[in-house]
1. Just one of (1) part of a loop (DSSP other than H, G, I, E, B); (2) out of contact with any Asp or Glu (no Cβ under 9 Å at 6 or more places or on another chain) trips up residue 206, so point out which.
2. Considering 14, 51, which residue is part of a helix (DSSP H, G or I), closer than 19 Å to residue 75 by Cα and in the same structural domain as residue 122 (by TED's automatic domain parsing)?
3. What pairs come up if the first residue lies in segment 30-42 and is farther than 14 Å from residue 4 by Cα, the second is among the basic types (Lys, Arg) and assigned to a helix (DSSP H, G or I), and their beta carbons are under 8 Å apart, counting only those six or more places apart or on different chains?
4. Given the structure, is residue 73 in a strand (DSSP E or B), under 19 Å from the mean Cα position of the chain (by Cα) and touching a residue at least 12 places away in the same chain (Cβ under 8 Å)?
5. Report, ordered by the first and then the second residue, all pairs with beta carbons closer than 9 Å, sequence separation of six or more or different chains, a first member in segment 266-291 that is among the acidic types (Asp, Glu), and a second member that is in a helix (DSSP H, G or I).
6. Can residue 28 be described as part of a helix (DSSP H, G or I) and more than 19 Å from residue 151 (Cα to Cα)?
7. Could you check, for segment 123-130, whether at least one of its residues is outside the structural domain of residue 244 (by TED's automatic domain parsing), outside any helix (DSSP H, G or I), surrounded by 17 or more Cβ atoms within 10 Å (Cβ to Cβ) and hydrophobic (A, V, I, L, M, F, W, C)?
8. Can you tell me which of 182, 170, 178 is part of a helix (DSSP H, G or I), touching a residue at least 24 places away in the same chain (Cβ under 8 Å), in contact with a strand residue (DSSP E or B) (Cβ under 8 Å, 6 or more places away or on another chain) and not basic (Lys, Arg)?
Amino acid sequence: MKIGFIGLGSMGSGMARNLIKAGHALTVYNRTRSRAEEFRPLGARVAGTPGEVASDADAVITMLADDRALEDVIFGSGKVLESLATGAVHSSMSTISLALSRRLLAAHREKGQHYLAAPVFGRPDAAAAGKLFIVVGGVSQQIERCSALFEALGQKTFVAGDDPPMANLIKLTGNFMITTVIESLAEAFALVRKSGGDPNKLLEVLTNSLFAAPIYKNYGGIIAAEKFEPAGFKLPLGLKDNRLILAAAEEAAVPRPMASLVHDRFIAAMAQGLKDADWSAIARVSLRNAGLQ
């Protein structure tokens, strides 16, 4: 199967490399061409436009920052929708809105193409190691068709059903829950620090008893050390995902008081100049609110 890969940022670059390692033939595109050129020595073909990527592909994978970037690639100047062959499949693997996912499904269907929503859980190190968790929604035959690609990218694939936007909703919900973990850890560490204790000791106790999960260990370590740079996932992207889950909740008439609180944390962090920090830097707001620097 001929694979087109669009979006070679901190996540996409590791994913594309793993597809090449697994023996797949790739044509790649990135807005900053120098990033795409890094893949030429690895055997990938470098395209000048997203449409060129799509024109010769059986499957196109997009890994782009937000709705606007994906809309431009698919519907706008990128011309992927126009260029993708009948019967080919587009797998959108970034975190996007439910509204855009529905639009992609309808547009690809109208063109006789296929669409899968396959967002991923994992930071850049997991992407590079092929250890992502993939949540995919769409027609089962197309999921099976792309199964070898998902196996090269992740450690486990979860099928959300035949409605692609449900995969996007699960991804948004998971990201929301990560932010509540970050917030609860920040508040706990602030209390221990201000009381004269060691946050690392608290982290040791929690992650070896009640909360022995990678999410607590990874983010707990970042927050305890206040190592928010370099960013694995930049704070404005976290704010974007927070907005998307609030929009989905409003559409379904589901109150989300915790998501609203976290939204305020993101806004405060942006106001405090943390836009280039990791999204876990919302913890710094709780620390500063407690008078800790």
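The values are calculated or read from the model by the stated rules, or taken from the named source; none is laboratory data. Just so you know, these numbers come straight off a predicted model, no measurement behind them. All Cβ positions, even for glycine, are placed from backbone atoms using ideal geometry, and neighbour counts span all protein chains on display.
1. Every condition holds for residue 206 apart from (1).
2. Values: 14 fails: closer than 19 Å to residue 75 by Cα.
None of the other options fit; the residue is 51.
3. 42/17
4. Values: in a strand (DSSP E or B): no; under 19 Å from the mean Cα position of the chain (by Cα): yes; touching a residue at least 12 places away in the same chain (Cβ under 8 Å): yes.
The answer is no for residue 73.
5. 276/235; 276/236; 278/222; 278/235; 278/238
6. Values: part of a helix (DSSP H, G or I): no; more than 19 Å from residue 151 (Cα to Cα): yes.
No.
7. no
8. Working: 182 fails: in contact with a strand residue (DSSP E or B) (Cβ under 8 Å, 6 or more places away or on another chain); 178 fails: in contact with a strand residue (DSSP E or B) (Cβ under 8 Å, 6 or more places away or on another chain).
The match here is 170.
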